[in-house]
Amino acid sequence: MKNEGKALLSSGKHQHGKRILLHFAHRGEARVFLEELAVHPVSFPVKGLYENERFLVVISGEGRQNTTETLAAAISYAGMQISEVLNLGVAGSLHYDLKLNRIVSVRTVYGAIDNRVEFKTFTSVDDAAEIDCISTSRRILEKEDAEPLSYFAQIVDRELWACASVCKRFNIPFRSLKMISDRAGEQALCADIAEDALRYSHALFNHFKKLAHQEEPENERIELPDGFYATVAQKRQLTSLLQAVVVKEKRSAKHLPDFLPIDDILKSEKHPKKRTIRLIHELRDYLNPFRRRLEESLKPIFEPLRGNDIRVSPARDYETNALGISFTVENEDELDRKCAALKSFDYVAYREILSGEVMSVNGKSKPAKGEDSQAN
Amino acid sequence: MKFKTLFVEEAVADDPQTLRIIDAFPKASVNYISKVEDVFGRARKPYLQKRTSLNLFIGRKEGNLLKVAPDAYGLAGEPHFYFIHAYNCVYECEYCYLQGYFKSPDLVFFVNHDEIIAEMEAATLQVPDGQHIWFHAGEFSDCLALSHITCEWENYWPFFARYPQAKLELRTKSVNIKVIRKLGPLDNVIVSFSLSPDIALKLHDRGTPSLSARMKAIQQLVEDGFQIGLHFDPMIYRENFEADYEILTEDVVRIIPAEQLAYVSLGVVRFSRDVFLEFERNYPDSELLAAEFTRSFDGKVRYTRPHRMYMLRQVEKICHEKGIAPHKVYLCMENESEKQLS
Ligand code: SF4
């Protein structure tokens, strides 16, 4: 059998204190889980809720409304401390090449109310899954009803769409393991399926157990080295910059410290806050070398202003030619000096740089006004 | 190319092109439906499922068959229209705007080319003497990638042979030129290739033919006498990208004689907000995500303005230096509403 349901429970391990919620429509399918996981019933207004340290088990009853109400209540009961929802149960096959009794992991779930297919779909976190499911608002008893559903998915159930929709609302990842119990539209008696429920429950539990023991990947975390101090905003900024370095360099976050100029910064900057600012700067330059080029090109143009304590603030990301200029004066001399500096400021050169016209391949900008003047 | 299932509109079930396409996929199951929209795009299908479970729809295009193209589509001053003969694409360029567009990556082929051509004729007859009118294909798909199966271009050739004032642009990244080579060159049919430096193409144009394969295809078409258009679009920044574009431009100038090079368009990578979100979701490891983008004046996600303008100017300069006539080089500039395809 294919390894359906890759890396199950991976999110459970590294989200401390969070539990995995197992969702069933029918008690029969849940039976082996209730016994083997030794979960105990929870006294809660909504019936069908069980728990232990690692798991919550919820039995919702059949269909969309039961699922929505019960699952939402269970998640609220857990105070949102759910790392993942795993929907387990049986499904009918819509494609003849799917063998009965096979357990499949669901990729995308579609929804249909009566004959109308819902636009919203939900995709599980199992990126190895290849089977799609469509959840219908009523049982599919006729072949004619099954056929149009087969355009969208290979299997059909009654609950998964609602389950996934609740998960989306609570921002909790979901996955689903389905055992193929019958061929949709072939009038399988519910009684037959119910009789087989214990067999399904055993099979699903065995599958679940195997997957639960699989090796779980370590979550990579990006840590700030010792000797640096970052505010919350800086930490956020650093995380996204370092993430971009990981992507650009195609290396693991673990190897980032060897790559970053940490020692240089530690040696040349004494203050932990300044070190962080410098690190952010270096990372930005590394990720966007053009920015440094641009800043170097603008430096001589801004120099007459900055050299005279006049602040310049370009538009955000230089999206427009607008340039904020501000200064204070305390006496007439200062005013004269600043006015002279303003006069010498080459706004045209500034605008041209922003239009990309004056920067050459080697990164040198056009000299600022006056520098290359040959006028008599 | 494998399709799991073909969906065929009942109204075009007997169309010769439909039958030819069905024949090309003997293993796929065929379902007959009343309208493409009954299934296609009815429910959101994740984009990357194009890798494993792609369906093919065959139908009739309804509504406006010709649409006025945005200015950035071509050299200014002449009327430009695009027409839609297909939806979606077999390739997977990371920046492609289709990933946010149809809510399904399944392919749709329209087979009512006679109706499209009738509209083209009506539009062409309104153009004053001495003026050109342009028709662009490839707005929502690659024009040639599956042309050996669809064989639609044979419908269009007689029209363009009859109306030299009407120009056709076939935009592609594919090297599937067998069918159009058989049809032969027409002065008013321009086959346009999107090209990027080799490294950018390897990193971002997933599943597309290599640069050398595209160059070879261009060379063959040139030898046959075809007019060639080039799109250096989207340009993606790398340190020393100027050197990469010098090599690329040198190569194209060597292969394409000036009289067969119709135009070169330049554009810098850009995304609508929705496409950018899809791109982030679909390609979280893309090197492109390490770049610094900003939400620009029109809400699109781009490099900062000095950055993108610098790239455009530099590559424009390279084109001129390598001998491409300035009037043949146009920039997909600001204020554009253009997209990046093929
Ligand atoms: S950019 Fe063009 S070639 Fe690439 S995937 Fe999109 S349509 Fe296809």
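So, taking all protein chains as they sit and a 1.4 Å probe, how much accessible area belongs to B:Ser272, in Å² rounded to tens?
50 Å²
For segment B:1-88, report the translational diffusion coefficient in µm²/s to the nearest whole number, using Stokes-Einstein at 25 °C, 0.890 mPa s, and a Kirkwood Rh over Cα pairs.
For these conditions, the coefficient is 162 µm²/s.
Sorted by accessible area (1.4 Å probe), largest first, how do B:Lys35, A:Lys47 line up?
Numbers: B:Lys35 65, A:Lys47 175 Å².
Sorted by accessible area, descending: A:Lys47, B:Lys35.
With a 1.4 Å probe on protein heavy atoms only, tell me which residues of segment B:7-27 lose at least 20 Å² of accessible surface in the complex relative to the chain by itself.
Flagged in segment B:7-27: B:Phe7.
With a 1.4 Å probe and all protein chains kept in place, how do A:Glu195, B:Glu9, A:Glu62 rank by accessible area, largest first?
Correct descending sequence by accessible area is A:Glu195, A:Glu62, B:Glu9.
Nothing charged except the Cβ atoms of Lys and Arg (+1) and of Asp and Glu (-1): what's the magnitude of the dipole of segment A:103-148 about its Cα centre? Round to the nearest 20 debye.
Numbers: 6 positive and 10 negative charges, 37 e Å.
Dipole of segment A:103-148, to the nearest 20 debye: 180 debye.
How would B:His231, A:His271, B:His327 rank on accessible area, largest to smallest, probe 1.4 Å?
Details: B:His231 0, A:His271 95, B:His327 135 Å².
Output order, biggest surface exposure first: B:His327, A:His271, B:His231.
With every protein chain kept in place and ligands, DNA and RNA left out, what is the accessible area per residue of chain B? Probe 1.4 Å, answer in Å².
Averaged over the residues of chain B, the accessible area is 38 Å².
For chains A and B, what's the summed buried accessible area, probe 1.4 Å, to the nearest 100 square angstrom?
Rounded to the nearest hundred, the buried surface is 3300 Å².
Counting just the Cα atoms, what span does the protein assembly as shown cover along each of its three principal axes? Round to the nearest Å and put the largest first.
Per principal axis, max minus min of the Cα coordinates gives 103, 77, 40 Å.
May I ask which residue of B:Met215, B:His132, B:Phe276 lies farthest towards the positive end of the charge dipole of chain B, with charges of +1 (Lys, Arg) and -1 (Asp, Glu) on Cβ and the Cα centre as origin?
B:Phe276
Are any of the pairs A:Lys18/A:Lys47; A:Lys168/B:Lys2; A:Lys209/B:Lys50; B:Lys182/B:Lys202; B:Lys182/B:Lys216; A:Lys299/A:Lys338 more than 25 Å apart by Cα-Cα distance, and if so, which?
Flagged as over cut-off: A:Lys168/B:Lys2; A:Lys209/B:Lys50; B:Lys182/B:Lys202.
Between A:Lys299 and B:Lys178, what FRET efficiency follows from the Cβ-Cβ distance if R0 is 56 Å, with the result rounded to 0.05?
Here the calculated transfer efficiency is 0.50.
So what are the ³J(HN,Hα) numbers for segment A:310-320, from phi and the Karplus equation (6.51, -1.76, 1.60; θ = phi - 60°), rounded to whole Hz, Gly and Pro as x?
9, 7, 10, 10, x, 4, 3, 6, 6, 5, 10
Excluding same-chain residues fewer than 8 positions from A:Lys235, which lysines have a Cα within less than 18 Å of its Cα?
Result set, ordered by chain and number: A:Lys254, A:Lys273, A:Lys274.
In sequence order, what are the phi-derived ³J(HN,Hα) couplings for segment B:203-217 according to the Karplus relation 6.51 cos²θ - 1.76 cosθ + 1.60 with θ = phi - 60°, rounded to whole Hz, with x for glycine and proline?
6, 10, 9, 5, x, 8, x, 5, 4, 5, 5, 5, 4, 5, 4
When the dipole is taken about the Cα centre of the protein assembly as shown, and only Lys, Arg (+1) and Asp, Glu (-1) are charged at their Cβ, what size is it in debye, to the nearest 20?
1680 debye
Given a Förster radius of 56 Å and the C-beta distance between A:His271 and A:Glu130 as r, what FRET efficiency does 1/(1 + (r/R0)^6) yield to the nearest 0.05? Intermediate values should be presented prior to the final figure.
Working: r = 55 Å, r/R0 = 0.98.
E(calc), rounded to 0.05, equals 0.55.
In whole Hz and in residue order, list the ³J(HN,Hα) couplings for segment A:78-91 that follow from phi through the Karplus curve 6.51 cos²θ - 1.76 cosθ + 1.60, θ = phi - 60°; x for Gly and Pro.
7, x, 6, 7, 10, 7, 6, 10, 10, 8, 10, x, 9, 8
How big is the C-alpha Rg of segment A:48-114 next to the rule-of-thumb value 2.2 N^0.38 Å, as a ratio?
For segment A:48-114, the normalised Cα radius of gyration comes out at 1.33.
Can you bin segment A:126-210 into rounded, prolate or oblate? Criterion: square roots of the alpha carbon gyration tensor eigenvalues sorted a ≥ b ≥ c, rounded for a/c under 1.5, prolate for a/b above b/c, oblate for the rest.
Values: a/c = 1.81, a/b = 1.15, b/c = 1.57.
Taking the square roots of the gyration eigenvalues as a ≥ b ≥ c, segment A:126-210 is oblate.
Provide the descending list of Cα extents for chain B along its principal axes, expressed in whole angstroms.
For chain B, the Cα spread along each principal axis is 54, 49, 35 Å.
About the Cα centre, and with charges only on the beta carbon of Lys, Arg (+1) and Asp, Glu (-1), how big is the dipole of segment A:81-184? Nearest 20 debye, please.
That gives a dipole near 220 debye.
Just report the Cα centroid separation between segment A:35-66 and segment B:275-297, whole Å.
Spelled out, the Cα-based centre of one part sits 41 Å from the other.
Based on the alpha carbon coordinates of segment B:196-334, what radius of gyration and maximum Cα-Cα distance (Dmax) apply, in Å?
15.7, 44
Simple spin-label model, 7 Å along Cα-to-Cβ: A:Ala322 to B:Val253 in nm?
Result for the modelled spin labels: 4.2 nm.
Compute, for B:Lys67, the solvent-accessible surface of its heavy atoms (probe 1.4 Å) with the complete set of protein chains present, and express it in square angstrom to the nearest 10.
70 Å²
Can you list the residues, at least 5 places off or on another chain, whose amide H is less than 5 Å from the amide H of A:Phe122, using H built in the peptide plane?
A:Val109
The values are calculated or read from the model by the stated rules, or taken from the named source; none is laboratory data. Just so you know, these numbers come straight off a predicted model, no measurement behind them. Cβ: placed from backbone, ideal geometry, glycine included. Neighbour counts: every protein chain shown. Calculation scope for accessible area: heavy atoms of the full protein, side chains included, ligands and nucleic acids excluded. Shrake-Rupley method; radii C 1.70, N 1.55, O 1.52, S 1.80 Å.
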